[in-house]
Amino acid sequence: MAGPVSSAPAIELRGISKRFGTVQANRDICVTVPRGTIHGIIGENGAGKSTLMSILYGFYRADEGEILIGGRETHIPDSQAAIRAGIGMVFQHFKLVQNFTVLENIVLGAEDGPRLSTSLSKARRILIDLSRDYGLEVDPDALIEDLSVGHQQRVEILKALYRQAEILILDEPTGVLTPPEADHLFRILRGLRDQGKTVILITHKLREIMAITDNVSVMRRGEMVGTVATANTTPADLAERMVGRKVLLRVDKAPATPGETILEIRDLRMTEDGIERLKGINLTLRRGEIMGLAGVAGNGQSELLAILGGIARGTGSIRMKGRELDLTGREDGQDRRAQGIAHVPEDRQHLGVIMDFAAWENVAFGYHHDAAYRRGVFSDNAALRADTNAKMERFDVRPPNPDLAIKHFSGGNQQKIIVAREMERVPDLLLIGQPTRGVDIGAIEFIHKQIVALRDRGAAVLLVSVELDEVMSLSDRVAVMFDGHIMGTRDAATTNERELGLMMAGVTETA
Amino acid sequence: MRPIPRWADLVLVPLVSLLLAAVCATLVILAIGQNPMEALETMVAGALGSAYGWGYTLYYATSFIFTGLAVTMAFHAGLFNIGGEGQAQLGGLGIALMLLFVPFPHWSIALLAATVAAAVFGAIWGAIPGWLQAKRGSHVVITTIMFNYIAYALIVWILVDVLRPAGQAEPATARFAVGIPALSDVPGLSSIFTQAVPVNISLFMALIACVAVWALLWRTPLGYEIRAFGKSEPAARYAGIRPVRTVMIAMALSGALAGMMSINNVMGDSGRLLQNSSEGAGFIGIAVALMGRNHPFGVVLSALLFGFLYQGGAEIGLWTSIPIDLRVVVQGLVILFTGALDHMVRQMLSVLFSRRKVA
Amino acid sequence: MDYTTFLQILDSTLRLATPLLLACLAGLFSERAGVFDIGLEGKMLVAAMSSGAVAYLTGSAWLGLAAGVATSLLWAAVHGIAAITFRGNQLISGVALNFLASGMTVLVAQAAFGQGGRTPALSGAARFGELTLPFAEMLRPVPVLGPFYAEVMSGHSILVYLALAMVPATWWVLMRTRFGLRLRAVGENPAAVDTAGISVTRMRFAAVAITGILCGIAGAYMATALQAGFGREMTAGRGYIALAALIFAKWRPWGALWATLLFGFFQALAFRPDVVTAVTHVDIPVPALEALPYILTVLVLAGFVGKAIPPRAGGEPYVKER
C-alpha cells in the first residue's frame, strides 16, 4: 500500500529505550530516516543495532519511546503489525524454510484464502513482475536448500516486496556474500531507493556504509552517537565514533622469521552429505609464521579446521612434524592435542566450551586426561581450580571467579579463557577460527597480541577469519579459499584488498 | 524473568512440584468418591507407623535407589533411559542363572557373583540401545521401550519353556539355594525389626552405589566426559570425547545399575525368578531421578519418598476401596510436574520472589 | 497356506493396522509441526477407557467415540501446555502422561464399575458394527478378487474406513492448504513462521489438538470396535509402534498407511502361530511371535530399512532469538 507521497520522514524514532534484565540494550534512541534514502546504521557487535531493528519489526516492545511511520505514530506489538505498517526485514540468518520452494516461502503468512493453489498462482504472477522491476531473478520453483546464499537473500527481499513493504531493513546483509554478490545486492538496493523505497542497512563494515548509504547513524553501547550525511564523513571519523577513541587498524608486530616446515597438507579432500567441501587442498606452514585463511564463510575453511582438529574425517595427506596424521576418525581431538595441535574453534559457544560448566571445568576441556589434573584415577579439582585462577589473572579475565558458569561471562572473556587454555601449553601449531567474533575492542587487541607472541615463540598459526581486515593485519601470509579450493597464497605485506577480494570471488589468478 | 535463588531452585522447586502432584492426587481421590484424609492416614500408618512398615518402605526404596541412579546416569549423558524395567528383569535373569547353576559355599560369595551377573546382564540390555542410538541414530527412548517388551517376552519364554522345573504349573524358576540376610537377621538391627521384613542388606549396596555414582560423575575424567557429552555433543567431539564410546558406557552403566536392583527383589526377597519381577520399579526410577534433580543424594531422598508412596499405596489398596493403581497416577503426576512443567513451577516461584522483594 | 487363511490374515491385518494408522497419522500432525509426542499411547488408552465406559452407560458407540475424543483432547492439551507454553521437555511430558493414563484408566474404571479396572462388555449399538460394502456378496464368486473384496475389504466397522480415508485427507490438508503449509513450516523453521507474523504457539496447539482427536478415534476403535470394552493396558505399546511406523513412513501420509499395514500384518501373524509354523516348518514359541512387532520396530528404527530425515525443528521448543 504505497501511501500518499508526503514530506514526512519514512521513520522517526523518538526516545526509544529497551532493557534486558540488567543490560540497557537501547537508551533514548532518536533517529529520523527520510523517505527514499538508504540509511546506514553502524556500530560494533552489541552496540544495540539489532535490538533497535527488532523493536521496529515488532519482535520486542520498547520500554519507552514512540515510533512514527510516515509521520503517523504507529504501535507495533508484533511482526504482523510491522508488515501492515509497510516494514520488511531481511535478517542476518534468513528466515526461510529450507525444503520449501521459493514460491511457498514467499506466500507463507501472506496467503489468499485457505486453498494453497490460488495463493501460489497469484504469487507466481506478482513474482515475475517484481523480479523484472528490481532485477531480482530467481526460479520460483527451486527449493531453498538448492539455492546459493545470494539467491536466498533475494528471496528474503522478494518476500518483503510481496508484502508491499515500503521500508526495507537489512541486518548485516553482506556477511555471507562474496564481493561481487555484495555489489549486485547494492545495485538492487539502489534500484529500490530510486523507485521510492526506503532502505535501512545495519552493518559494522565501514566500506559498505561509504559505498552505498545516503546518511549514516552511529550507535555505541546502546546509545545513538549521531547521524550524518555520508558525503560529509570519513571512515576514520566513523570508526572513532563507533569505538569512542582512536582505533588501531594495524597490529604491532615484527617481521616473521619462519623456521622449519611443520605442517604439510597434500590433496586434502572431504565430502559431506554428498557435497564435496574440500577439493584437493595443498598448504604448507612453517614455524614462526601466521598463515591467514581468507574467504567468505562456507567455502571450506571450517571443514579444513575440523579435519586438522580431529573432529571431521577426510582423505589425502597431512604431515605434522614429519608424521602422518590419521584422517579416518581413528585419532580424535585428544590425539591431535597430544601431537602439539591446539584449536580455538570458530563457533566458540557451540564447540569451544560447555556453557553450563563452570570456568574451571572448561579450563580442562579437551585436556581433562592431563596428568596435571589427575590424582590416581580421580580428577584433581583443586589443582584445576588453582590453574584456572592463575590463567584468569594472567589473561585478565573478568570477573576472576573460577566457579562462575562460562555462560555468564561476556564473549570476550569466554574467548580469553579458551585462548588461555589452548595457548598456555605452547603448542607447535595453533588453529584459531574467528578469534575476535563478538569480542569487545579491548579484548581484540589483547588476543591479537597473544597470537603474535605465540608466533614469536616459534609456533605456526593457522588463522581463519571472515574479517578481511583482521586476516590482512595479523597474517604473514594469506591463502584465499573459494569453493573448496585454495585460490592462491599471497604475502600479506604486498597484497591488497582488491586482489584478495577477486580471489575470494573465485576469479582465477592471472599473476 | 528474574532467576530464583539457587537454594530455592534446589529445594523449593521439587517441593512445590510434589505439592502440586499431591493436590492433583487429592482431587483424583475426591473425584472417585473416596476420602483423601483416610487415604493419607492409611499410608502413613502402613508405611511409617511401625518397624514392619518401614521394613517394606525401605525395601521398595532400595529398588528405587538403583533404578533412580540408572536414570540419573543416563540423563547426565543426555540420554533418557526408559528401559530400566527390561534391564532390571534381565538382571534378574542373570542372578537366576548364576544361583541356579553354580554351587556357592557361602552367601557372601554368591552375592558377589550374583551382583556381577545382574550388572552384566543389565549392562548388555542397556548398551544395545546405546549402540543403536550412537551408531544407527535410532532414538534411545523408543528403543528402550521396545526392549522392555522384548525382555518381557524373553523372560516369559525362559520361565515357561526353559527354567520351569518339571511338574510346576507356575511360570517361575526353582528356588535358589542361597539368599542374603534380611535386616531382621542382622545382629543389632534385629532388635528393631522384630518381624521378618523384606528389606535386606542390598540397601547398603544401594547406598554404596550412590556414592560411587557421585564420585564417578564428578570426580573422574570419565564422569567429566559423560557430563560434557550430555551437555553438548558437538563440543564433546571437539574435545576428543568419543560419542559412540561415551553413549555406550553411559547406557551400560545405567543398565548395570538397573540390573543390580534385582539383587534386592529376586535374590533378597522372592528367592526365585518370577514373571515381571521388577513390578514397575524401572519406571519409578524416572520419577525418582527427576524428583531427586538427577543427583545421587537427591535420588536417595526421593527413593525414600517413593518407597513410602509405594508401601502406603499397597496399604490403601488393601484397607480402602481406592485401587492400588493410585501409585501409578502419583508417579505420572510427579514426572509431569518435576520433569515437564518445571519451567512453570520456576515461573511461579519467580513471581513470588520478585513480589517479596518489592514488598 | 490356502487362500482363505491368507485372506483371514489380511483381514485381521487391516483390523489391527487401523489403530496404528490413526495413531501414526496423529503423530504425523504433531511431529510435522515440531512437537514430539511419545504420549500417543496414553491418549489412546484414556480414549479407550472413556469410550468403553460411555458407550456402556449410554448404549451408543457414537457417544462413546465422542467421549474418547474429548478425553484424548484433554491429554493433548496438557502436553501442549507443557511442551509449547512452558517449553518443557517433550519426551518427559509424554512419558508422564502415559503413566498418568495407565493409572487413571484403571482407577476410574474400577471406581465406576468395580470389575478390576475393566469396563463391562459392550454389545449391540454400544459397539461399532460391521459394514458390508456394496456388492460384496454379489462379487464373491469372482476368482481371487471377489473373495478379497468380500473378506478383506468388506465387513469392517466404519472407523476402519474412516482411518483409510484419513490418509488422502491428511495428504491434502498438509500439501494443498494454507493450514498445511503453515503447519509444515512451523516444524521446519518456526522462526520463518514467526517473522511472517503467524503465531507459532497457535499453529502448534492446532497440530497437537488434531493429534488428540485422531488418538481419540484410535482408542475408541480399540474399545468399541476391535474389542468389546476396555481392559487394563489394552493398547499394549501400539502408541510406540505407531511412532516407529511414522519414522518408517518418513513422516508422510501414504508411507504411514504402508508402514502400519506392515506392522498390522506382523501383529496378525502373532495371533496365528499355527500358520507361521506351517509356513516356516519351525516351531516358533508364541512369546517370540508376540515380540516380533517390537523387534521389527527396533530394526526399523536402526535404519536397516533406510534413513529418514525428521522435521528440522522437531522436539525443540520455540524461543525467539535475540
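The values are calculated or read from the model by the stated rules, or taken from the named source; none is laboratory data. The shown structure was predicted, so the numbers you read here are calculated from the model rather than taken from an experiment. Cβ atoms come from the backbone with ideal geometry, glycine included; neighbour counts cover every protein chain shown. These accessible areas exclude ligands, DNA and RNA; they are computed on the full protein's heavy atoms, side chains included. Shrake-Rupley method; radii C 1.70, N 1.55, O 1.52, S 1.80 Å.
So the values come out like this:
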| read-out | value |
| --- | --- |
| All positions within the range C:234-252 that are open to solvent by 10 Å² or more (accessible area, probe 1.4 Å), more than 10 Å from every other protein chain (Cβ to nearest Cβ) and not in a loop (DSSP other than H, G, I, E, B) | C:R238, C:F248 |
| Meets criteria (farther than 22 Å from A:S148 by Cβ and within 18 Å of the chain's Cα centre (by Cα)) for A:E499 | no |
| Residues of the range B:111-139 classified as at pLDDT below 95 and more than 10 Å from chain C (Cβ to nearest Cβ), total | 1 |
| The range A:106-118: number of residues that are facing chain C (nearest Cβ under 7 Å), open to solvent by less than 10 Å² (accessible area, probe 1.4 Å) and closer than 15 Å to C:G197 by Cβ | 1 |
| Test set (1) away from chain C (no Cβ under 11 Å); (2) out of contact with any helix residue (DSSP H, G or I) (no Cβ under 8 Å at 6 or more places or on another chain); (3) within 24 Å of A:R27 (Cα to Cα) - A:A81 fails condition number | (1) |
| Of all residues making up the range A:137-170, the number that are under 20 Å from the mean Cα position of the chain (by Cα) and charged (D, E, K, R) | 2 |
| B:L99 vs. criteria closer than 17 Å to B:L273 by Cα and touching a Phe, Trp or Tyr at 6+ places or on another chain (Cβ under 7 Å) | yes |
| Helices (runs of 4 or more DSSP H) within the range B:292-359 that include 2 or more residues away from chain C (no Cβ under 14 Å) and crowded, with 16+ Cβ neighbours inside 10 Å | B:296-319 |
| Residue among C:G103, C:G34 that is more than 8 Å from every other protein chain (Cβ to nearest Cβ), in contact with a Gly (Cβ under 7 Å, 6 or more places away or on another chain) and open to solvent by less than 40 Å² (accessible area, probe 1.4 Å) | C:G34 |
| The listed residue being facing chain B (nearest Cβ under 10 Å) and not aliphatic (A, V, I, L, M), out of A:N389, A:N381, A:N401 | A:N381 |
| In the range B:10-37, the residues that are away from chain C (no Cβ under 13 Å), open to solvent by less than 40 Å² (accessible area, probe 1.4 Å) and not β-branched (V, I, T) | B:P14, B:P36 |
| Residue satisfying condition, being within 22 Å of the chain's Cα centre (by Cα) and away from chain B (no Cβ under 14 Å), within set C:L139, C:L164, C:L97 | C:L164 |
| Scope the range A:119-150; condition under 19 Å from C:R312 (Cβ atoms) and within 14 Å of chain C (Cβ to nearest Cβ); matching residues | A:L143, A:I144, A:E145 |
| Within the range A:1-97, strands (runs of 3 or more DSSP E) holding 1 or more residues that are more than 24 Å from the chain's Cα centre (by Cα), surrounded by fewer than 20 Cβ atoms within 10 Å (Cβ to Cβ) and modelled with pLDDT under 95 | A:11-20, A:23-33, A:64-69, A:72-74 |
| Among residues of the range B:259-273, those that are of a type outside the set (V, I, T) and within 11 Å of B:A206 (Cα to Cα), counted | 3 |
| Inter-residue pairs, beta-carbon under 7 Å, first in contact (Cβ under 8 Å) with a residue 60 or more places away in the chain and in the range B:23-48, second open to solvent by 40 Å² or more (accessible area, probe 1.4 Å) and of a type in the set (A, V, I, L, M), 6+ apart | B:I32/C:V108; B:I32/C:A111 |
| Test: residue in the range B:213-225 that is in contact with a helix residue (DSSP H, G or I) (Cβ under 6 Å, 6 or more places away or on another chain), open to solvent by 10 Å² or more (accessible area, probe 1.4 Å), at pLDDT 95 or above and within 14 Å of chain A (Cβ to nearest Cβ) | yes |
| Verdict on C:Y149 being part of a helix (DSSP H, G or I) and modelled with pLDDT under 95 | yes |
| Selection count where residues are in a loop (DSSP other than H, G, I, E, B) and open to solvent by 10 Å² or more (accessible area, probe 1.4 Å), scope the range B:262-291 | 7 |
| Residues that are open to solvent by less than 40 Å² (accessible area, probe 1.4 Å) and facing chain A (nearest Cβ under 7 Å), drawn from the range C:167-192 | C:T177, C:L181, C:A185, C:E188, C:N189, C:A191, C:A192 |
| Conditions (1) surrounded by fewer than 24 Cβ atoms within 10 Å (Cβ to Cβ); (2) over 30 Å from B:P323 (Cα atoms); number of the one not met by B:M73 | (1) |
| Within the range B:99-149, tally of residues that are part of a helix (DSSP H, G or I), touching a helix residue (DSSP H, G or I) at 6+ places or on another chain (Cβ under 9 Å) and open to solvent by 50 Å² or more (accessible area, probe 1.4 Å) | 10 |
